[in-house]
Amino acid sequence: MKAIRLKIIAVFLCLTVGSAVSLAQAGNSQQAGAPQDQTTTTPSPDKGSQDKTSPEQLPNAPSSNAPPPSLKDLGFPPEATQSNAKEQALLDKRIHMLKIHQRMGLITTVPMLAAIFSSAGATGKGKDTTGRDLHLALGAVAGDLYFITAYYAIRAPKPPGIETRGPIRFHKAMAWIHGPGMILTPILGALAYDQKNNGEKVHGIASAHVPVAIVTAGAFGAALLSVSIKFYED
Amino acid sequence: MNKKTILAALLLLLPAFAAADSQWVLDQSTLTYRVSHPLHQTEGVSHAARGKGVCHAGQCDFLIAVPVKSFDSGDSNRDIHMLQATRGAEFPMVTVRTRIPESERTSATILVDIEVEFAGQAAHYKQVPLQLVTQGNQTRISGTIPATLADFKIDPPSLLAIPVKNDVPIRLEMTWHPL
């Protein structure tokens, strides 16, 4: 009889102490106001799966027999959870090229603005062609830089299945204006340059040089601003 | 005598059986990251998260996962840049894990430790306040994880040579229901 009583007490103690320990662990996680502590771990060498954290690594982890939920339990299609090194390389190349595009675009604005401001000195009727030559040189530099800028945007690889949304649509639409404009402007400029050097008044199609240049520069500026400054709230 | 012992043991074990395993499933979610730049305030939103909670012995383990690709900032170019900067093709999922005591289910605010795995890095956030609202058999959980780019070793993307701020808070709004 004594032995039985002892057994019952032992079982009761085991269960009571076990529950108390479990509750105490739960209670430890509730220390409100404790300072934020953020740590990082080394990158996962297992690229195929990110679901690698053991229960022991989890915060507040008490001993538990039930397995914690895993990524497989969530029912994502396998292709959504698998690492794709090829796509990452494509993205890296794209962003590298677009960074150069962005940088070159900013650099292009300098000779482009200088060409616009120097245009005032290019209209003189005298034999001194310095103003015209300076305007021509600045325009040529702007044109060269412009086409280098365009190359990096056109040749940047695009990941498949991406629909173009947002301000980039306006940025791309502007290219249909400033692109042809950057071809036409120097051609018209060359005609106007010859006419001026021959002592003629700029006439014919060459007289479109200034308005075409203004529209081109305007479209270029709008394209630049569209991806730099937020015009609207979503 | 042996019968009495077994009976007593069974009676004492009853509470353990009463705290049987239960599961929770994520119904709806809105996860929002916020990026700050002197010229822009950008938010990327995803509704594609899936989650599961497993309760055992008074503790509930929760796992929430969301594809990095599913975040939409309204600008496809920016989203592709985000995908590249966070190595989203190499590490396509963001996972959030936490453990909540089952007894806390009725609390309005709880403080939990959260582990976020993202961009091939794991970051731990301690004592993150989460708000709980229970309506019927659904529980809405909301809160903000104070994430930073440095936590995940992400180089801050820049626009016009100005990098974005390091702070990238992630707002969680989720509705869960028990299975």
Review point. Count of lysine pairs in region A:85-226 with Cα atoms under 22 Å apart, counting only pairs 8 or more residues apart in sequence or on different chains?
Key: 11
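I want to verify the translational diffusion coefficient of region B:19-178 in µm²/s; compute it with Stokes-Einstein, Rh as the Kirkwood radius over Cα pairs, at 37 °C and 0.692 mPa s. Show your work: numbers first, answer last.
Values: Rh = 16.4 Å.
D, rounded to a whole number, is 200 µm²/s.
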Review point. Which whole number gives the average count of other chain Cβ atoms within 10 Å of the Cβ atoms across peptide B:66-77?
Key: 4
Point to revise | aspartates and glutamates whose Cα lies under 16 Å from that of residue B:165, excluding same-chain neighbours fewer than 8 positions away | key: B:43, B:151, B:155
Exercise for review: Let me know the whole percent of all Cα-Cα pairs from region A:133-182 that are separated by more than 13 Å.
Suggested key: 69 percent
Point to revise | Burial ordering of A:79, B:104, fewest other beta-carbon atoms within 10 Å first | key: A:79, B:104
**Study point:** Residue among B:75, B:167, B:61 with the largest mean-square fluctuation in a Gaussian network model of chain B, springs linking Cα atoms under 10 Å
**Key:** B:75
Review point. Label point 7 Å out from residue A:72 along Cα-to-Cβ: which residues of region B:32-59 have amide N under 18 Å?
Key: B:51-54
Point to revise | Range of Cα positions in region B:79-127 per principal axis (Å), largest first | key: 41, 18, 14
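Taking a quarter of the surface of the convex hull around the Cα atoms of region B:111-162, what do you get in nm²?
Details: hull surface 21.2 nm².
Seen from a random direction, the Cα hull of region B:111-162 projects 5.3 nm² on average.
Which whole-number percent gives the relative contact order of region A:155-234, counting Cα pairs below 8 Å spaced six or more residues apart? Mind showing how you got there, number by number?
Working: 58 pairs, mean separation 33.8, N = 80.
42 percent.
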Review point. Residues of A:152-160, mean number of Cβ from any other protein chain within 10 Å of their own Cβ, rounded to a whole number?
Key: 1
Exercise for review: Collect residues whose amide H, placed 1.01 Å from N in the peptide plane, falls under 5 Å from the amide H of residue A:84; neighbours closer than 5 in sequence don't count.
Suggested key: B:90
Exercise for review: Return the aspartates and glutamates within reach of residue B:52: Cα separation strictly under 19 angstrom, same-chain partners fewer than 8 residues apart disregarded; answer none if there are no such residues.
Suggested key: A:51, A:56, A:73, B:21, B:27, B:61, B:102, B:104, B:113, B:115, B:117, B:173
Study note, to complete from the structure: For chain B, longest principal axis from Cα atoms; helix B:2-18 axis from its Cα atoms; angle between them, nearest 10 degrees, is 30 degrees
Review point. By how many degrees, between 0 and 90 and to the nearest 10, does the Cα long axis of helix B:76-85 differ from the longest principal axis of chain B?
Key: 70 degrees
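Quick check: convex hull of the Cα atoms in region A:121-234, volume per residue, rounded to a whole Å³?
On the way: hull volume 12.9 nm³, N = 114.
Per residue, the Cα convex hull of region A:121-234 comes to 113 Å³.
Every number here is computed from the coordinates shown, using simple stated rules; none is lab data. Keep in mind that what you see is a predicted model, and the values were worked out from it rather than measured. Don't worry about glycine lacking a Cβ; one is built from the backbone with ideal geometry, like all the others, and counts go over all protein chains shown.
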